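The values are calculated or read from the model by the stated rules, or taken from the named source; none is laboratory data. Treat the numbers as computed from the prediction; the structure is a model and nothing was measured. Neighbour counts are summed over all protein chains in view; Cβ atoms, including those assigned to glycine, are modelled from backbone coordinates with ideal geometry. What goes into the accessible areas is simple: the full protein's heavy atoms, side chains included, and nothing from ligands, DNA or RNA. Shrake-Rupley method; radii C 1.70, N 1.55, O 1.52, S 1.80 Å.
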Amino acid sequence: MDAAANSVGRFVNSENNNMRYLGLTLLSRLVQFNGTYAVQYQLQVISCLNDPDETIQRKTLSLLFNMTNPMNVAIVTEKMLEHMKKTNDVYLRSELVSKITT
């Protein structure tokens, strides 16, 4: 699992959007087994919110929700609120409100 997490980290940090999306997807799967794997990549994941690709932003928001714990809940909530203020997509705003309140 450790080797898999290290490999996934390379995908998340990739300049290629397809590789980054794949990394976020794989990291989401790893988080389901053990949330500690995502903690080491928290800053890289948060930086993906600034990606111009909307699919990467949505995947990042989903991953952030899944990797939230008592230690990072304030940071994740703040990032979700910032993203919610920037978007005009009613569905995404609704989804973010639901995740933030959860």
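Would you mind stating whether Gln32 is part of a helix (DSSP H, G or I) and surrounded by 14 or more Cβ atoms within 10 Å (Cβ to Cβ)? First the steps, then the outcome.
Details: part of a helix (DSSP H, G or I): yes; surrounded by 14 or more Cβ atoms within 10 Å (Cβ to Cβ): no.
So Gln32 fails the test.
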Enumeration of residues in region 60-75 that are within 19 Å of Tyr21 (Cα to Cα) and either over 10 Å from the mean Cα position of the chain (by Cα) or not in a loop (DSSP other than H, G, I, E, B) (or both): Thr60, Leu61, Ser62, Leu63, Leu64, Phe65, Asn66
Search result, residues across region 35-59 that are over 14 Å from Val8 (Cβ atoms) and either polar (S, T, N, Q) or assigned to a helix (DSSP H, G or I) (or both): Leu43, Ile46, Ser47, Leu49, Asn50, Glu54, Thr55, Ile56, Gln57, Arg58
Every pair of residues 6+ apart whose Cβ atoms lie under 8 Å, when the first sits in region 60-75 and is within 12 Å of Lys99 (Cα to Cα) while the second is in a loop (DSSP other than H, G, I, E, B) and open to solvent by 40 Å² or more (accessible area, probe 1.4 Å): Phe65/Thr102
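Could you go through region 80-102 and let me know if any residue there is of a type in the set (Ser, Thr, Tyr), in a helix (DSSP H, G or I) and surrounded by 14 or more Cβ atoms within 10 Å (Cβ to Cβ). Step through it out loud before you land on a result.
Filtering region 80-102 down to residues of a type in the set (Ser, Thr, Tyr) leaves 87, 91, 94, 98, 101-102.
Now narrow it down to the ones that are in a helix (DSSP H, G or I): 91, 94, 98, 101.
With the extra rule that they be surrounded by 14 or more Cβ atoms within 10 Å (Cβ to Cβ), the set shrinks to none.
Within region 80-102, none of the residues are of a type in the set (Ser, Thr, Tyr), in a helix (DSSP H, G or I) and surrounded by 14 or more Cβ atoms within 10 Å (Cβ to Cβ).
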Tabulated pairs, region 7-34, first within 13 Å of Leu63 (Cβ to Cβ), second open to solvent by 70 Å² or more (accessible area, probe 1.4 Å) and β-branched (Val, Ile, Thr), C-beta under 9 angstrom, 6+ apart or interchain: Tyr21/Thr55
Residue in region 41-48 that is open to solvent by 60 Å² or more (accessible area, probe 1.4 Å) and closer than 21 Å to Met80 by Cβ present: yes
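Consider region 55-79. How many of its residues are open to solvent by less than 20 Å² (accessible area, probe 1.4 Å) and not aliphatic (A, V, I, L, M)? So that I can check it myself, show each step before the final result.
Let us first name the residues in region 55-79 that are open to solvent by less than 20 Å² (accessible area, probe 1.4 Å), namely 56, 60-61, 63-64, 67, 72, 76.
Restricting the remaining residues to those that are not aliphatic (A, V, I, L, M) gives 60, 72.
Qualifying residue count, region 55-79: 2.
Can you tell me which residues in region 88-102 are more than 18 Å from Val45 (Cβ to Cβ) and not aromatic (Phe, Trp, Tyr)? So that I can check it myself, show each step before the final result.
Initially, region 88-102 is screened for residues more than 18 Å from Val45 (Cβ to Cβ), giving 88-91, 93-94, 97-98, 101-102.
If the condition is that a residue be more than 18 Å from Val45 (Cβ to Cβ) and not aromatic (Phe, Trp, Tyr), then Asn88, Asp89, Val90, Arg93, Ser94, Val97, Ser98, Thr101, Thr102 are the ones that fit.
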